[in-house]
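Comments concern the structure below.
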Amino acid sequence: MLATGKKILCVRDGDATDYALDILDPKVLGRTVIAQCQKTLDATLDFSTSSNIALEDSEALLLYAWQELNTGKWASVDGNWHKVYAAASWMKAVSYFRCNMDSPTVWSDIVKLCDMGHLMGGDVWNGILIRTISNAEEFIQSQTKQISDSTPESSVAPLKRLKASLRPSIQYLIPEVCQPYLSDFQDLHFRQKRSVVLKHCMDDWPALEKWSPEYIRQLCGSRTVPVEIGRRYTDDDWTQELMTIGAFIDKYIYMKDNPEHKIAYLAQHDLFSQAPVLKEDIAPPDYIAFCGDDDPDMNAWFGPEGTVSPLHYDPKHNFLCQVMGEKYVRLYSESQTEFLYPHAPGMLNNTSQVDVENPDLSQFPAFEKASFYEYILEPGDILYIPPREWHFIRSLSISFSVSFWFNESKSGSTSNL
Ligand SMILES: O=C(O)CCC(=O)C(=O)O
C-alpha cells in the first residue's frame, strides 16, 4: 500500500527538485516562513519520522496560510501565500495518507483536501494537486468500478426537453448560421463584432451525448466548488457558498431538501482545470484559434431552471456553448448603452440596473427605446457574444453551458482593423 500510495501522491523518493521551495519568494514571505515550509516538507517526505508530527506541522502551516489569505481583500493577497496554501495542502495530503493508510475513505478525503488546496491556492510543483487528484480518483474507480454510463437512480427525474408551451415567444431573432467557414465567421462576425448563433458547430462534442447531472456527479461529485445562492447576483440576499458538486446537484438541481426551491448557480467557474477529465468531452471551437487565441478562458455554468444572469457585458469575445438544457438569451448591442442604465462606476458598472423581463419604466423610462435580439439556446448551439455586447440570460430548464472567453490576436488576424 505504501508504494501505491506514494505513486498516487506523486512522491518520488530522493528527488527533492520536484518540490523545490524556490517557487516561494523570501522577500515577500520572510525567511522564517520559508524555513517553516522547509521543515514541514522535510517531515512530510521523511517516511521514517513520525507521521503525526508531519501531519501537525502541515496542518499548522495550512492554517497560517489560510489566515493570511483571509486578511484584507482576497484580490490583494500576494500570490506567494496562495502557493504556500497549495503546497501545504499537498503536504497535508501526504502526511494524512501516512496516518490513515488503512481508512476506507483515505483517498476520497485526500481528493477533498487537494481540491480545496487547488481551489484556494491554485497549484504548485507542476500541477501536483491536480495530478494527485486524478491519480486518487482513478484508484478509487479501479477499486469500486463506480464509473459507468449507468442510468440515473430511479428517484431522479430524467431531464426533460422544454414543453413548447413554456417557451418564451421570440420577436427579434439573433441571426443564426450553420457551420460557416472559419474566414466567414472572422470577417462577418468577429471583426464586425456582430453576434450570431452558430448551429451544428459542436456536434462532435461527446458531452452532448454523455453529460447529465448524474454523469457530472460520477466524474467530479466530490469536488468543492463556489456556488452562487440567490436568483441573481444583483439581489440583496445573494451570497456565495462552497459545497461539493454532489451536494449542489442534490439540493439545487434535484431540489432535494430544498422546500423553498431556492435557486443556486455554479456560475463562471473554471471547473475544467479543477476536473480536467471533463475536457475530454469538449473542445474549443476552431473559430477561436483562427481568430488568434489558442488559450481561451473556459468556464462552466451549471444550474437548475430559473437561474438569471442579469443584463451585463464582458470585455472579451465569448462563445457560449450550450451542452444541456435550454436558455433564453437577450442581447443589446453597445450602441444601446444610453438606454440601459448601467450601475454607477465601481464593481457593477458593467451591469444594468434594469430588471430586463420586468422593467420599472417609471425609474428607467428610456429602457423602452432599447432595441434587442433574442434566442432560445438549445443543446448544440453556440452563441457568439462580442466584447461589450450586453447580455441577459435565464435558464428554462436544468442547464449546463461552457463559455470560452477569447482575445483578439495581438499580432496577426485583427491588426488591420
Ligand atoms: O449563461 C449564463 O448564465 C451567463 C453567461 C455569461 O454571462 C457569459 O458567458 O459571459
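Among 196, 284, 397, whose Cα projects farthest towards the positive end of the dipole of the chain, with charges put on the beta-carbon of Lys, Arg (+1) and Asp, Glu (-1)?
Projecting each Cα onto the dipole axis, the largest value belongs to 397.
In the structure displayed, which of 199/279; 6/83; 6/251; 83/279 lie more than 29 Å apart, Cα to Cα? Show your work: numbers first, answer last.
On the way: 199/279 21 Å; 6/83 22 Å; 6/251 36 Å; 83/279 25 Å.
Check vs 29 Å cut-off fails for 6/251.
Sorting 120, 91 on the 10 Å Cβ count, fewest up front, what's the list? Write down the numbers at each step before the final one.
Values: 120 20, 91 25.
Fewest-to-most ranking of 120, 91: 120, 91.
Give the cross-link partners of residue 193 among the aspartates and glutamates, using a straight C-alpha distance below 12 Å as the criterion and excluding same-chain residues fewer than 8 apart.
334, 389, 408
Please give the contour-minus-distance gain from residue 337 to residue 1: 0.36 nm per residue of separation, less the Cα-Cα distance, rounded to one decimal in nm.
Gain on extension, residue 337 to residue 1, equals 114.7 nm.
Using a Gaussian network model of the chain whose springs link C-alpha atoms within less than 10 Å, name the residue from 173, 129, 271 with the highest mean-square fluctuation.
173
Given the options 32, 307, 40, which has the most mean-square fluctuation in a GNM of the chain, springs set between C-alpha atoms less than 10 angstrom apart?
Top of the fluctuation ranking is 32.
Students often check this: by mean Cβ neighbours within 10 Å, which of 299-306, 100-107, 15-22 ranks highest, and how do the rest follow?
Working: 299-306: 22.8, 100-107: 13.8, 15-22: 12.2.
In descending order of packing, they fall as 299-306, 100-107, 15-22.
Could you work out Rg/(2.2 N^0.38 Å) for the stretch 164-406, with Rg from alpha carbons only?
Ratio of Rg to 2.2 N^0.38 Å for the stretch 164-406: 0.99.
Would you list the membrane-span-like helices of the chain, meaning whole DSSP H runs whose alpha-carbon atoms span at least 18 Å along their axis and whose mean Kyte-Doolittle value is at least -1.0? Display every interim value, and only then the final one.
Values: long enough: 31-45 (21 Å, 0.09); 51-69 (27 Å, 0.22); 79-100 (31 Å, -0.28); 106-121 (22 Å, 0.64); 128-144 (24 Å, 0.08).
Helices passing the filter in the chain: 31-45, 51-69, 79-100, 106-121, 128-144.
Hey, could you get me the Stokes-Einstein D for the stretch 16-60, Kirkwood radius over alpha-carbon pairs, 25 °C and 0.890 mPa s, rounded to whole µm² s⁻¹?
The Stokes-Einstein estimate is 221 µm²/s.
How large is the dipole of the chain about the Cα centre if only Lys and Arg carry +1 and Asp and Glu carry -1, each at its Cβ, rounded to the nearest 20 debye?
180
Among 390, 405, what is the fewest-to-most ranking by other Cβ atoms within 10 Å?
Going from least to most buried by this count: 405, 390.
In the stretch 1-51, which trypsin sites (Lys or Arg not before Pro) fall in coil by DSSP and have 15 or fewer other Cβ atoms within 10 Å?
Of the trypsin sites (Lys or Arg not before Pro), the ones in loops of the stretch 1-51 whose Cβ has at most 15 other Cβ atoms within 10 Å are 12.
So how far apart, in nm, are the two label points at residue 235 and residue 191 if each is 7 Å from Cα heading toward Cβ?
4.5
Where is the GNM fluctuation largest for the chain (alpha-carbon springs, 10 angstrom cutoff): 23, 174, 128?
Looking only at 23, 174, 128, the largest GNM fluctuation is found for 23.
Taking 4 °C and 1.567 mPa s as the conditions, I'd like the Stokes-Einstein D for the chain in µm²/s, using the Kirkwood hydrodynamic radius from alpha carbon pairs.
Result for D is 55 µm²/s.
Provide Rg over Rh for the stretch 2-144; use the alpha carbon set for both Rg and the Kirkwood Rh (inverse mean inverse pair distance).
On the way: Rg = 14.5 Å, Rh = 15.2 Å.
Dividing the radius of gyration by the Kirkwood radius yields 0.96.
A short reminder: the numbers here are calculations on the coordinates, not readings from a lab. Keep in mind that what you see is a predicted model, and the values were worked out from it rather than measured. As a convention, Cβ positions derive from the backbone with ideal geometry for all residues, glycine included, and neighbour counts pool all protein chains shown.
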